[in-house]
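Below: one structure, written as C-alpha cells.
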Amino acid sequence: MTDDNPLADARVRRLIGLSGAFALAAIAILFLDGTIRWVVLGIAVLDAIVTPYILGLAVENAEDGDDQEVEEYGFST
C-alpha cells in the first residue's frame, strides 16, 4: 500500500465497496420487508461490484494525469 494514495491498493477499494454493501444489506435485512428488501439487496450487490471498479478507474486517471496542469477547480488545461 502506498502512502500517497491509499486507493492505489486494490484491497482498500474492495473494502470500501464491501463496507457500503454491508451497510445496505444490514438495513435491508433488519428494517425492510417484501420486494423492497430484495431491491436493496440487489443494489448492495451492485455496490460491492461497481464501487471498486470505479475507484480503480479514478486511480488510473489520477496516475495518467499527473503531468497535466490542473486549475483551481480541478479542470485540466
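The values are calculated or read from the model by the stated rules, or taken from the named source; none is laboratory data. What you see is a predicted model; the values in this text were computed from it and never measured. Neighbour counts are summed over all protein chains in view; Cβ atoms, including those assigned to glycine, are modelled from backbone coordinates with ideal geometry. Note: areas computed on protein heavy atoms with side chains; ligands, DNA, RNA excluded. Shrake-Rupley method; radii C 1.70, N 1.55, O 1.52, S 1.80 Å.
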Exercise. Within region 21-42, count every residue that is surrounded by 15 or more Cβ atoms within 10 Å (Cβ to Cβ) and under 26 Å from ALA58 (Cα atoms).
Key: 5
Quiz prompt | Filter result for LEU41 (at pLDDT 95 or above, part of a helix (DSSP H, G or I) and either closer than 20 Å to ARG11 by Cβ or among the hydrophobic types (A, V, I, L, M, F, W, C) (or both)) | solution = yes
Quiz item: ASP66 fails exactly one of the following numbered conditions: (1) at pLDDT 95 or above; (2) open to solvent by 90 Å² or more (accessible area, probe 1.4 Å). What is the number of that condition?
Solution: (1)
Quiz prompt | Residues within region 1-43 that are of a type in the set (D, E, K, R) and touching a residue at least 24 places away in the same chain (Cβ under 8 Å), tallied | solution = 2
